[in-house]
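First comes the structure, then the notes that go with it.
Here, each number is a calculation from the coordinates, and none is a lab measurement. Note that the coordinates shown come from a computational prediction; the quantities given were computed from them, not determined experimentally. A quick note on method: Cβ atoms are made from the backbone with ideal geometry, for glycine too, and the neighbour counts reach across all protein chains shown.
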Amino acid sequence: MVDLALRDAPAAVSSPPDRLRLLGRLRLIDGSFRTITFAAAVSVLVILGGVIVALIEGALPALQAFGLDFLTTSRWNPVTEKFGALAPIYGTLVTSLIAMTIAVPFGILIAMFLTELCPMWLRRPIGIAIELLAGIPSIIYGIWGLFVFAPFLQHTLQPALIDLFGPVPILSTLFAGPPYGIGVLTAGLILAIMVLPFVTSISRDVFEAVPPVLKEAAYGLGCTTWEVFRHVVIPFARVGVTGGVMLGLGRALGETMAVTFVIGNAHRISGSLLAPGTTISATIANEFTEALGDLYTSSLVALGLILFVITFVVLAIARYMLMRIERKIG
Amino acid sequence: MMLYRRRRFANSVVMTLSVVATVIGLGWLVLVLGALLWNGFGSLSVAVFTEMTPPPGSAGGLLNPIVGSLMMSGVAVAIGTPIGILAGTYMAEYGRYSMLTSVVRFINDILLSAPSIVVGLFIYEVVVRPLGHFSGIAGSLALAVLVVPVVVRTTEDMLLTVPKELREAATALGLPRSHVIANVSYRAARAGIVTGILLAVARISGETAPLLFTALNNQFFSADMTQPLASLPVVIFQFAMSPYPDWQKLAWAGALIITFAVLALSISARALSATRTNS
């Protein structure tokens, strides 16, 4: 179409009315193309708006029926149609907390290895490997967790933890109960493996963006590698790394399949990390297609709404911080 | 001297820790892949690609979920890619400094990592519930919602790297703006845009959560997009959670197929963007 219009041009120049018509057509194409791209850009906003509206509309019956009790009770009884979201919310927060406490130190240490210590020839392969691993679908981690990791934990780590912390007063409740293999701790550990590549690759990008002059100046003063890292790289990169961590947290909170396989889907709040639990996304994935009755479905949609609000806030903070570091680097 | 030794010591402790962390972190990931290869190859056979999903206790394959996944991904890309490319075009070409662009960019980045199960709920509410039944097209729409942000992001980034002198030269020749974009900007950024599409396909090919209650599942072969449709990730989920060893083996085989597909897509995306930067 476009080439056609141009190829027509030399012939059309000969007579002024033809030329005008051609110009008019070009202007029309130009204007409509601009409008179409504008509409496409707006459609991104429409998608987000649609998600919010659809979730609120779907959640309305449950929110009207239970009010604020929905957020503060942990009963989940499909037979009597009494629903409360506390247990899934608790599970989501605890599994993500476990994941982040493991993934963040590991991710930062690996990123430090990659930017400060790693020999040059090894940097690219390791970096690429980490980025490829970030793209592996979560269901792969889920199936691995169910068949390999959970039985392994059941026979080694969990009995050891029970023996180790059994006599200790407070920690014993944290590791009480029989080792099921599946449960909150297992889900948290799987999430940690999943989030690790995200945290590592963003931290590495931010560390690499530190101006070499700053580091060289510190080395010139006689600082050790660790001191340079601690007092030059970290202060410079703090905002960016926080952004990366929040991005990973957003992933962990919303992660569905890896968790659904190994959490055990039990609607209760247990003090023990070894006990089965549930998360918001695992509850929706497990129960949605089997949910009978409008109130049950609506309660699950309300869970989705809560999850969306939480992750939206976390991701918005993450993006804001990453934007700030991008502006700083220029 | 004491101080010096203490600083050296602290340094070597942290450096050792970082090496240990790298070995553990990468080793862990190698373990996951190793178990996948071991179990996946053990269950892979020709029948996996040629036979239908079996009832529990008998042999079979994954043909119908593979076909279902390909169809749904294809339709999702066909819907999501044009929207994504056009939106990216507006952001990089027409409204580069406009308020709308920064808002869209921010929202798009959030959609990029929003939980995919929420997208499934969204499509359930706006498509499945009004129509009254699950369908392959609903699954495609859910996946399309996931394609759009990836394509928007890469298209915008790639168009922004096109030197403005190219556009100015074309404009100086009297080309209208839309022709400049189609003949100059798109051509210069083509490899990057294709990379984005490949990444989007990689992203959706393993997605399970948004399909659970949009496309649902189908035990039989079906190419009808208006009916429930089997997909590889959902079948893996169903089979892995089942107590039947035959089904669990097929789940491993399916997991291996998906991983290979995703890795192949991301590696070719990478190779493509590498050739672009070299030339």
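Tabulated data
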item	result
For the protein assembly as shown: Kirkwood Rh in Å [reciprocal of mean 1/r, alpha carbons]	26.2 Å
Amide H contacts under 5 Å for A:LYS82, placed H, 5+ residues apart	A:ASN77
Over 21 Å [Cα-Cα, region B:39-142], rounded percent	58 percent
Kirkwood Rh (inverse of mean 1/r, distinct Cα pairs), region B:49-275, angstrom	18.9 Å
Test item: A:28-39 mean partner chain Cβ contacts at 10 Å	6
Volume per residue of the C-alpha convex hull in region A:127-255, rounded to whole Å³	157 Å³
Residues of type lysines that A:LYS215 reaches as a straight line, Cα spacing below 21 Å, ignoring anything fewer than 8 places off in the same chain	A:LYS328
Dipole-positive endmost among A:ILE126, A:THR256, A:LEU157 within chain A (Cβ charges, Cα centre)	A:ILE126
Qualifying lysines (Cα of each under 19 Å from Cα of B:LYS164; at least 8 residues distant if same chain)	none
Using a Förster distance of 22 Å, the FRET efficiency for A:ASP294-A:ASP69 (Cβ separation, nearest 0.05)	0.75
Axial C-alpha extent at least 18 Å, average Kyte-Doolittle at least -0.5 - helices from chain A (DSSP)	A:16-66, A:86-112, A:120-134, A:184-208, A:234-254, A:294-329
Mean ellipticity per residue at 222 nm, deg cm²/dmol - from DSSP H runs of n ≥ 4 across the protein assembly as shown, formula -39500 (n - 2.57)	-24000 deg cm²/dmol
Whether region A:201-258 is rounded, prolate or oblate, judged on the alpha carbon gyration tensor where a/c under 1.5 counts as rounded	prolate
Pairwise FRET efficiency - B:PHE260 versus B:ARG8, Cβ, R0 = 56 Å, nearest 0.05	0.75
Whether region B:1-42 is rounded, prolate or oblate, judged on the alpha carbon gyration tensor where a/c under 1.5 counts as rounded	prolate
Axial C-alpha extent at least 18 Å, average Kyte-Doolittle at least 0.5 - helices from chain B (DSSP)	B:2-43, B:63-89, B:99-112, B:136-161, B:190-205, B:245-278
All-pairs alpha carbon distance profile, region B:149-230, 10 Å steps from 0, percent	16, 29, 21, 17, 13, 4, 0
Leading residue at positive end of dipole, the protein assembly as shown (Cβ point charges), from A:LEU273, A:LEU20, A:PHE70	A:LEU20
Rounded D (µm²/s) - chain A, Kirkwood Rh over Cα pairs, Stokes-Einstein at 10 °C, 1.306 mPa s	67 µm²/s
Gyration tensor (alpha-carbon) shape descriptor, region A:1-153, a/c threshold 1.5	oblate
